[in-house]
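Structure record follows, encoded as structure tokens.
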Amino acid sequence: FLALSISSGVESLVLVMAERLWINSGWGINWLATSIKEFSRAIPLQERTTTTSERPLYLSAGILFIAMFIMLNVANSILAANFDFPDILRQPPENALTLYQKNQALIRPAYYLFALTGVLMIPISLLLHRILSNKNPMLLTTATTFGVITGIVQVLGFIRWVFLAPFLVNTYFDPSSS
């Protein structure tokens, strides 16, 4: 209960801070457009044709991207309909635990699906590294490292809802626990 409460509090704080930075500090579309422009200058695109040996890399990366986005949308839709996601993260833990217990049969598979998107992020990062191998090596290695780390952290973040939340729900609603 305490772990879920602290985690929800931290997530709420991060979301509120991100919203304020995004809206109030000029980190909106202009900041995003400027960042993308700077990143595209760091990795200049060169005119070249795709060789036959590169096509499977492009196809694999494309299929994984599409699969990841479909899984993200399906999982998000399931959680939004059955768990009031993402607003549930800003509510008191007893509300989250009650709703989790009520809809556990749909929520757990949705979080497994979210965790799987993190797993897919790892090979996507590695494939993009191979596809863009002739670009800026330092920036590319940094981006690939962060892509792999992001996938691992995403898996760990979402999988806790599959394993920790049921334990917390059972403990919270057990009349013999204090």
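The values are calculated or read from the model by the stated rules, or taken from the named source; none is laboratory data. All values derive from a computational prediction rather than experimental measurement. Heads up, the Cβs are rebuilt from the backbone with ideal geometry, glycines too, and the neighbour counts pull from every protein chain shown. To get the accessible areas, we keep the full protein, side chains included, count just its heavy atoms, and leave off ligands, DNA and RNA. Shrake-Rupley method; radii C 1.70, N 1.55, O 1.52, S 1.80 Å.
In the assembled protein chains, Leu113 presents an accessible area of approximately 40 Å² (probe radius 1.4 Å). Taking Tyr112, Tyr100 and ordering them by how much accessible surface each has at a 1.4 Å probe, largest first, produces Tyr112, Tyr100. The simple Förster model, with R0 at 30 Å and r as the Cβ-Cβ distance, assigns Phe69 and Gln91 a FRET efficiency of 0.65. Between Arg160 and Arg55, the simple label model (points 7 Å from Cα in the Cβ direction) yields a spacing of 4.6 nm.
In this structure region 84-178 gives 55 Å² per residue of accessible area when probed at 1.4 Å with all protein chains present. By a 1.4 Å probe calculation restricted to protein chains, Thr142 has an accessible surface near 60 Å², given to the nearest 10. Ranked by solvent-accessible area (1.4 Å probe, protein heavy atoms only, all chains present), the residues Tyr111, Tyr58 order from largest to smallest as Tyr58, Tyr111.
Per-residue accessible area (protein heavy atoms, 1.4 Å probe) orders Val74, Val155 as Val74, Val155, starting from the largest. Ligands, DNA and RNA excluded, the heavy atoms of Phe85 present near 40 Å² of accessible surface to a 1.4 Å solvent probe.
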